[in-house]
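Here's the structure we're looking at; comments come further down.
Readers should treat all values here as calculations from the given coordinates under stated rules, not as data from a laboratory. Computed from a predicted model, the values in this text were never measured in an experiment. Heads up, the Cβs are rebuilt from the backbone with ideal geometry, glycines too, and the neighbour counts pull from every protein chain shown.
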Amino acid sequence: MASITEKRLSLHRRIKAQDSRNEALKSQLAGLQHLANVGTVSHMIAHEINNLLTPLKSYASLALNHPDDAVLTEKALQKTAANCERASKVAESLLALADGQTQPEQTSRLDELVEGIFTCLCRDFGKDGISVDIRIPEGLTVRGVPVQIQQVLMNLILNARDAMLPRGGVLSIGATQKADAVEIVVADTGQGIAQTDLDSIFETFFTTKTEKAPAQHSGTGLGLAFCKMIVDRHGGHISVESTPGQGSRFTITLPPS
């Protein structure tokens, strides 16, 4: 009997020790996960801020190259200041996401959000042989964090532009009010996405831009992962359809406002 009791006590001690080790491992894993989150968010912030640096440089150069044109210089500096504020909001938004903070949502007109994106980009898509077709009903609204919804659409717009270079094409942005959702479609007539890549397209660090020339941006694989994360946070859904050589069509559905 004594032997059985000792074995049971020994077993209980080993189980307790193992439980302690498991808790320590869980604590270490939580710490590592936090570091991984910080690293991913740091990459995302760099990715998103980089999207804003090009127009900032363009506005600043415009002002420097036309010092005698007071009206043009003032306009360029105003846009520079507005883009700096936007960059600050983007960084603030991503840091809040990393910390699990909830940012205030509001109802915004979708056409105004899209207009703000093109103003921010300071790009003449026509010079790249790309025509832009925007079909958003006047007064159509979406509910969410405005800067986050804009960043999702900006990523899709920039990806569409890249997919159509250098031969050009058509970028289409449309939206429809459904019974239980707002549906937004961003489509292009670019090179398309291979069917083998479609299942992985929203995964973090997955990119189809690895074969670009050294002088071109090869992609970080964060843009679409960021889009999915934001759309999911808004209770929505994002999907893609694509045919190689014919283009891609991204569809976002968001809850009604």
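Descriptive notes on the structure:
- Estimated dipole of the range 123-198 in Debye, rounded to 20 [Cβ of Lys and Arg +1, of Asp and Glu -1, Cα centre]: 100 debye
- When the listed pairs K75/K178; K79/K178; K79/K228 are checked against a 31 Å cut-off, the alpha-carbon distance exceeds it for K75/K178; K79/K178.
- Most to least packed among 70-78, 184-192, 147-155, 117-125 [average Cβ atoms within 10 Å]: 147-155, 184-192, 117-125, 70-78
- ³J(HN,Hα) computed for each position of the range 12-19 - Karplus, 6.51 cos²θ - 1.76 cosθ + 1.60, integer Hz, glycine/proline x: 4, 5, 5, 5, 5, 5, 5, 4
- Check: the range 107-254 dipole with +1 on Lys, Arg Cβ and -1 on Asp, Glu Cβ, in debye: 180 debye
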